[in-house]
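Everything below concerns the one structure shown next.
The values are calculated or read from the model by the stated rules, or taken from the named source; none is laboratory data. Just so it is clear, the model here is predicted, and its values are computed rather than measured. So basically every Cβ, Gly included, is an ideal-geometry build from the backbone, and we count neighbours across all protein chains shown.
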């Protein structure tokens, strides 16, 4: 096999593993790579799913009109396998970037999507750094027997990415002098999250404090040293979490055992798990790192993504105050439905005279600008049927039935709420229907089309030919 073919195989397998792994950790993700193997080689680009399309002007400016990216190379320094290069000068909207240099690859810059519901970009950045390291190793070893191993490693890297980011951040804060081992902590967090107690999922806070800082904590209750519950005993810790449910109290651990119960806030280097039933959030200090559910980590913050709603409202002839109030009202109702674990349907009616919808009408519409009425509206979302809200910020009906003729795009797997909304919005103009499923997904539907539908990107199942040079790629996209 020629060196060029080997390089193409390496790039394909690593790119495929990274893309697949990130798509499971976040939503469906694309990846791209710009690289030069030696200082004299032309820059090449591998962007099989057009992630970098529309970013050509900034890329041209950074890579062709400026040579700053070439500075600081360690290409001839064999003592360092890889050097991660800050990408502060390459800010691309909606993208996460990671640049690196090594003795085997002069320059590589990885790209992936920054989804709006990410808790933090940190684990994804660590993931991309590892992809750069593996590509450098594969280029250096030229071992055909392990050519697809790197892709497998990247597919299953989520826990390692979370751990790497936490370790890096804690090292920046306090140096290498730490006794907290992050892997056992992450294992315990996931183990407790999937352990039920009397049929109920865990709720409450578990905080991990550096052992050297434990003595300054004011405990409400502290366990004797020889009777402290082991963190490995997930069932025991799960039982103890009942003592801190729905309170400001936390279980305090040194990473090995549960030391006691205290009402404390996070320190700048503490690790915390906030259990919220069948899912939870992981924090470093006071900053969210990722969420967890089904015994695995994820980048989502579980907040509804209402970007499309903002775009629709901006296009309407509404005052800024009305637009803001309507958005906040919808956000509160969706959040309430999510927290209470029930689905609901909201009909936002932008007609001057609201559409007549079969359902429970009212003598006088409820004015949603009044706090009491907003609370009542949130309660009404629990009833079967849709809640009808006009652009006058009033609730005109509830338990509404949405009907209409069958339309293309219906999905039997999505249930009656979703398909009824498709039919109803295809029948009437100036409407937006928001469907909230009991398991949290939020769909925005207008004109019989789901605005929040995700594109299914083509998947590659074969090795790539040599990627085009960066200049040829630019010519082909213009």
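Quick notes on this structure:
- Selection over the range 303-312 of residues that are under 15 Å from residue 445 (Cβ atoms) and without any contact (Cβ under 8 Å) to a residue 24 or more places away in the chain gives a count of 1.
- Candidate set from the range 147-194 (those that are at pLDDT below 95, in contact with a helix residue (DSSP H, G or I) (Cβ under 7 Å, 6 or more places away or on another chain) and under 17 Å from residue 231 (Cβ atoms)); member that is surrounded by the fewest Cβ atoms within 10 Å (Cβ to Cβ): 179
- Looking only at the range 364-392, and only at residues there that are surrounded by fewer than 18 Cβ atoms within 10 Å (Cβ to Cβ) and over 20 Å from residue 340 (Cβ atoms), the one that is nearest to the chain's Cα centre (by Cα): 369
- The range 264-294, residues that are part of a loop (DSSP other than H, G, I, E, B), under 15 Å from residue 214 (Cα atoms) and touching a helix residue (DSSP H, G or I) at 6+ places or on another chain (Cβ under 9 Å): 267, 268, 269, 270
- Checking residue 119 against (1) within 30 Å of residue 14 (Cβ to Cβ); (2) surrounded by 15 or more Cβ atoms within 10 Å (Cβ to Cβ); (3) touching a helix residue (DSSP H, G or I) at 6+ places or on another chain (Cβ under 9 Å); (4) touching a residue at least 24 places away in the same chain (Cβ under 8 Å), the condition it does not meet: (3)
- Number of positions in the range 346-363 that are surrounded by 15 or more Cβ atoms within 10 Å (Cβ to Cβ), under 36 Å from the mean Cα position of the chain (by Cα) and farther than 19 Å from residue 436 by Cβ: 1
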